[in-house]
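Taking it in order: structure first as structure tokens, then the write-up.
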Amino acid sequence: SRVGTGPFPTEQDNAIGEQLRQRGREYGTTTGRPRRCGWLDTVAVRYAADLSGVDELALTLLDVPGGLESLSICTAYKLDGGVLEEFDPAVPLERVECVYERLPGWKGEIGGARRFEDLPAEARKYVSRIEDIVGRPVGIIGVGPEREQTILHHTQLFL
């Protein structure tokens, strides 16, 4: 999600975006302004992880898309007839079209999960697919706003 103007290739300015905003309580802390919501952009995530030297990912708000029939992951951008799988800061993001991979959603609340194995198969597949695309393990998974709603998965951190 993001606040303000500017390009946001995966933005869902529709009922799905509104559902994500409501379930995720995506509003500015000070202003209360609604945040713009969209699908995960793994092109940008992979670039940020490479640039920052990140060894593992933290995937928060996994509970938010629960109940959606399917989820989409942006895996590349289309621009001027070509496909870009790597992020390029010089690319005009307002002109790209996202290439999406669709995965099945999951039913029910997952806030009670305390281990990766407690998650529905569809949620586990979603996490594993993100790991495959980004090329890094997901070490921390948030399934709700409370501290105990954090799953440690493939993490090298000692908390």
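Please specify each residue of the stretch 107-120 satisfying the condition of being within 30 Å of E85 (Cα to Cα) and either touching a strand residue (DSSP E or B) at 6+ places or on another chain (Cβ under 9 Å) or in contact (Cβ under 8 Å) with a residue 60 or more places away in the chain (or both). Walk me through it before giving the result.
Going through the stretch 107-120, the residues within 30 Å of E85 (Cα to Cα) turn out to be 116, 119-120.
Across the stretch 107-120, the qualifying residues are F116, L119.
Of all residues in the stretch 18-47, those satisfying the criterion of being under 20 Å from E94 (Cα atoms) and either open to solvent by 50 Å² or more (accessible area, probe 1.4 Å) or touching a Ser or Thr at 6+ places or on another chain (Cβ under 9 Å) (or both) are R35, R36, C37, G38, W39, L40, D41, T42, V43, A44, Y47. With V45, V99, V54 as the choices, which residue is within 27 Å of R136 (Cβ to Cβ), aliphatic (A, V, I, L, M) and modelled with pLDDT under 95? Answer to the check: V54. Being open to solvent by less than 70 Å² (accessible area, probe 1.4 Å), touching a strand residue (DSSP E or B) at 6+ places or on another chain (Cβ under 6 Å) and at pLDDT 95 or above: is that true of R136 here? The answer is yes for R136.
Each row is one residue, and each column tells you yes or no for (1) free of Cβ contacts under 8 Å to residues at least 60 places away in the same chain; (2) under 14 Å from the mean Cα position of the chain (by Cα).
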position	(1), (2)
T30	yes, no
W39	no, yes
T42	no, yes
E56	no, no
L61	no, yes
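The values are calculated or read from the model by the stated rules, or taken from the named source; none is laboratory data. What you see is a predicted model; the values in this text were computed from it and never measured. All Cβ positions, glycine included, derive from the backbone under ideal geometry; neighbour counts span all protein chains shown. Only protein heavy atoms, including side chains, enter the accessible area calculation; ligands, DNA and RNA are left aside. Shrake-Rupley method; radii C 1.70, N 1.55, O 1.52, S 1.80 Å.
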